[in-house]
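> Submitted below is the structure of interest, expressed as structure tokens.
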Amino acid sequence: MKAAPFEHHEPTSLSQAVSLIESLDEPTILAGGQSLVPMLRFRLARPDTVVDINGIDELDYLHEADGYLKMGALARHADVEDSELITERYGSFADAAPLVADPQIRNRGTIVGSIAQADPKGDWGSILIAHDGEVVAAGPDGERTVPIDELFLLPYDTSLGENELITEARVPTPVEREGSAYHKLKRKTGDYAMAGVAARLILDEDGRIETAGIGMTAVDITNARAADAEDHLEGERPSADLFEAAGELAAEQSNPESDEHGDASYKERMVEVLTQRALGDAAERAGVTKRRVTP
Amino acid sequence: MTDEREITLTINGTERTLEVEPRRLLVHAIREDLDMTGTHIGCDTGNCGACTVLRDGEPIKSCLMFATQADGSEIMTVEGMEDLPESDGELHPLQEGFHEEHGLQCGYCTPGMLMAGKALLDENPDPDEAEIREAISGNLCRCTGYQNIVKSIEYAADELAAQPATDGGTAAVEPGSSADVAANAPGTTGDADGPTAADDADGSDQFDGYDTEGGFSCGVENCCGGPSTDAEHHGDNA
Ligand SMILES: Cc1cc2nc3c(=O)[nH]c(=O)nc-3n(C[C@H](O)[C@H](O)[C@H](O)COP(=O)(O)OP(=O)(O)OC[C@H]3O[C@@H](n4cnc5c(N)ncnc54)[C@H](O)[C@@H]3O)c2cc1C
Ligand code: FES
Ligand code: FES
């Protein structure tokens, strides 16, 4: 099917884009188009105006600055996948990038577009939750930051204003004794998650868990935080028993729906397993030595 | 109707100017405006990869991009393969591979597979099986079961390696420029290089033996049909 006709704008600077978006009635932003183009074709979205931001070079970056890993609105999945900085320092991002969609889609789709899409099955939202990330939104009243926990409202719905665009997604740069990981269960390569879990751990000098972050994919109406599991982990020493308990708490807090890929109880069990695995990898990457215990 | 816009594409080396509506998909511009029907459309959702073309050397799904967005770029489609130096005016080694190894049945997915294969070999002239499967993971084939597609791409890699590196040939890409998609896989990443908290502590401080490497594999190669390499590198088959 063809998209309905729309008016098309291609700003080449952020300030141009901001004033355009302010002046237009319900403009739709086009980033990688990997979600939006099919929605336009199915006429699930019928905007009068589309603002294509791909020509705004100043939004094309992925780097560390001011204590954050910053991903500009044009940083693509493939940029994360190919980045040495990511491979060296951001375990969860390195785990997730090759698991998002397929190579062609990763060449076009953006991290920010994926977050703005607010699909509960999107992978990056969970990772931002685990890392206590935030997005920077630009609008008529200037710039503001929105913590990730305040962004997702409903499937495909965010707290962004109609005349706002996200310029950047960011997470704090890792500190000493920090590790993170992402585990995803899917039916086949290239698919969205049936369930996914991102975990981030920071240990104190004593080896106790100082900060724990857990974000879950595809098991609630939005990407969701496993807050009870996080609380349970904080102050404790990493162990298999502890991670098992955290997995159970995450599963309890998840709220999956039965569908053709599996029933809700199966998915809850998968949340439990994926949480344990993600925590295990995060702990190892934070420097905890894994010890094989022979029963 | 909305206004048409003039765009310029360099398609298979030839510059073409066309008038398109903003809502015109690149794949429709290629098939209908430029009359090159080698690029197929197999779905409405971006899933099948039949519409894969190279845009400035990078594989993309031309059904997920508006033609206006490709303004000024170089597009390569299956029709351009015979003009490549490594084809010597005949079939490209990839096409020859699909012929020799029976890499197609109905042929619907083939142009997309060829483009995905081309992008892979340009980056990584000597891919292993996992890398090939990863590279074609965005391309669905209803017929072949993928085995012979993998063999076809391996055939082409061998052919290209055997070709003398001719002047200006794009065939010989420096070894070592490999993208190593699969080999870069996570699981190797350390986030912090700080002291290991548990190093000097006693056993009770240690993370006691949870096996995080637990990828499930039923042991039957390709039993799930798809071009999946996941079981090997992500352990995500919980
Ligand atoms: C076959 C297929 C498989 C996929 N598999 C996965 C998967 O496994 N995991 C996953 O996470 N995703 C998956 N995706 C989605 C893919 O990651 C998309 O790239 C992503 O969801 C959207 O990013 P985009 O840049 O393409 O955004 P677009 O499609 O351009 O935009 C998506 C939405 O966000 C809005 N938007 C975009 N940028 C901004 C901005 N800067 N500010 C405000 N609003 C903005 C748009 O208006 C639109 O509503 C898949 C997609 C396809 C087609
Ligand atoms: S036609 Fe483009 S992915 Fe199916
Ligand atoms: S040969 Fe028929 S779809 Fe691949």
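> Quick one: dipole size for segment A:41-190, taken about the Cα centre, charges +1 on Lys/Arg Cβ and -1 on Asp/Glu Cβ, in debye to the nearest 20.
Numbers: 16 positive and 28 negative charges, 201 e Å.
With only Lys, Arg, Asp and Glu charged at Cβ, the dipole is about 960 debye.
> Ok, one more. When a/c reaches 1.5 or more, the comparison of a/b and b/c decides; with that in mind, is segment A:189-295 rounded, prolate or oblate per its Cα gyration tensor? Intermediate values should be presented prior to the final figure.
Details: a/c = 2.10, a/b = 1.80, b/c = 1.17.
Since a/c reaches 1.5 and a/b is larger than b/c, the shape of segment A:189-295 is classed as prolate.
> Report for segment A:1-112 the percent antiparallel among DSSP-assigned beta bridges with both residues inside it, nearest 5.
Close to 45 percent.
> If DNA, RNA and ligands are ignored and the probe is 1.4 Å, what is the ranking of B:Arg16, B:Arg142 by accessible area, most exposed first? If you can, show how the numbers build up before the last one.
Working: B:Arg16 90, B:Arg142 185 Å².
Result, largest first: B:Arg142, B:Arg16.
> Something else: Trypsin sites (Lys or Arg not before Pro), restricted to segment A:204-295: which are DSSP loop and have at most 11 other Cβ atoms within 10 Å? Could you put the intermediate results ahead of the total?
Values: sites: A:Arg208, A:Arg225, A:Lys267, A:Arg269, A:Arg277, A:Arg285, A:Lys290, A:Arg291, A:Arg292; in loops: A:Arg208, A:Arg291, A:Arg292.
For trypsin sites (Lys or Arg not before Pro) across segment A:204-295 that sit outside H, G, I, E and B with at most 11 neighbouring Cβ atoms in 10 Å, the list reads A:Arg292.
> With a 1.4 Å probe, what is the total accessible area buried between chains B and A, in Å² rounded to the nearest 100? Kindly include the intermediate steps, with their values, before the conclusion.
Working: alone 13660 and 14130 Å², together 21830 Å².
Counting protein atoms only, the buried area is about 6000 Å².
> Describe numerically, in nm with one decimal, the distance between label points set 7 Å from Cα along Cα→Cβ at A:Met1 and at A:Arg46.
The answer from the label model is 1.0 nm.
> Also, I was wondering about something else. Build a GNM of chain A with springs between Cα atoms under 10 Å: which of A:Val136, A:Val37, A:Val271 gets the top mean-square fluctuation?
Its mean-square fluctuation being the largest, the pick is A:Val37.
> Using alpha carbon centroids, what distance separates segment A:142-198 and segment B:19-81, in Å?
Centre-to-centre (Cα) distance: 30 Å.
> Next up: Where does helix A:14-23 land angle-wise versus the long Cα axis of chain A, in degrees 0 to 90, nearest 10?
So the helix axis and the longest Cα principal axis differ by about 70 degrees.
> Let me ask another. Return an integer: the convex hull volume of the alpha-carbon atoms of chain A, in Å³ per residue.
Details: hull volume 39.4 nm³, N = 295.
Output value, Cα hull per residue: 134 Å³.
> Mind running the shape call on segment A:114-257? Use the C-alpha gyration tensor, a ≥ b ≥ c as the square roots of the eigenvalues: rounded below 1.5 for a/c, prolate if a/b tops b/c, oblate otherwise.
Details: a/c = 2.20, a/b = 1.38, b/c = 1.60.
It comes out oblate by the Cα gyration axes.
> Normalise the Debye intensity by I(0) for segment A:207-246, one equal point scatterer per Cα, no solvent, then take log10 at q = 0.26, 0.35 Å⁻¹ and round to two decimals.
For segment A:207-246, the Cα-only Debye profile gives -0.85, -1.16.
> Report the percentage of all Cα-Cα pairs in segment B:1-130 whose separation exceeds 17 Å, rounded to a whole percent. Let's see the in-between values first.
Details: 4863 of 8385 pairs.
Counting every Cα pair in segment B:1-130, those more than 17 Å apart make up 58 percent.
> Which lysines does B:Lys61 reach when only Cα atoms under 30 Å apart count, and residues fewer than 8 places away in its own chain are ignored?
A:Lys2, A:Lys70, A:Lys121, A:Lys184, A:Lys186, A:Lys188, B:Lys118, B:Lys151
> Right, here's the next one. Assign one of three labels to segment A:55-124, namely rounded, prolate or oblate, based on the Cα gyration tensor with a ≥ b ≥ c the square roots of its eigenvalues; rounded applies when a/c is under 1.5, prolate when it is not and a/b is larger than b/c, and oblate otherwise. Mind showing how you got there, number by number?
On the way: a/c = 1.44, a/b = 1.12, b/c = 1.28.
Cα axes put segment A:55-124 in the rounded bin.
The values are calculated or read from the model by the stated rules, or taken from the named source; none is laboratory data. Keep in mind that what you see is a predicted model, and the values were worked out from it rather than measured. Quick reminder, even Gly has a Cβ in these numbers, built from the backbone with ideal geometry, and neighbours come from all protein chains shown. Quick note on the areas: whole protein, heavy atoms, side chains included, nothing else; ligands and nucleic acids left out. Shrake-Rupley method; radii C 1.70, N 1.55, O 1.52, S 1.80 Å.
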